[in-house]
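Participant: This is the structure I have questions about; it appears just below.
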Amino acid sequence: MFTKLKLLFGILLFLLIGSLFFKPALAAAYTISGIVKDDNGNILPQTQMNLGSNFGSSNTTTDSNGYYQFVVNNDGYYTITATP
């Protein structure tokens, strides 16, 4: 009985110590995307887009259909600015 208890304790200790050193490398990724249009509803291709937050900033350009996309790893508040 004591041997089984020692074995169980050893396995639990191994799992606990292992979990401290081997953290999963998976991080959540979020997509922020849209289509840029002017006030008349016309698509705006080749528009410079800036995504800003307290995590930093990123830039991209809309494609021929006015589509842009940012992939971010942190949830939070973001500001998107378009510069035609």
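Rule-based calculations on the coordinates, nothing more; no lab input. What you are looking at is a predicted structure, and each value in this text was computed from that prediction instead of being measured.
Participant: Give me the extension gain from ASN74 to SER33: residue separation times 0.36 nm, minus the current Cα-Cα distance, reported in nm with one decimal.
Facilitator: Working: separation 41, 0.36 × 41 = 14.76 nm, distance 1.52 nm.
Contour length minus the Cα-Cα distance gives 13.2 nm.
Participant: Now for a different question. Rg and Dmax in Å for the range 25-83, alpha carbons only: what are they?
Facilitator: 12.5, 45
Participant: On a full-extension model of 0.36 nm per residue, what is the gain between TYR67 and LEU44, subtracting their alpha-carbon distance, rounded to one decimal in nm? Each step should come with its number before you reach the end.
Facilitator: Details: separation 23, 0.36 × 23 = 8.28 nm, distance 0.86 nm.
Computed gain between TYR67 and LEU44 is 7.4 nm.
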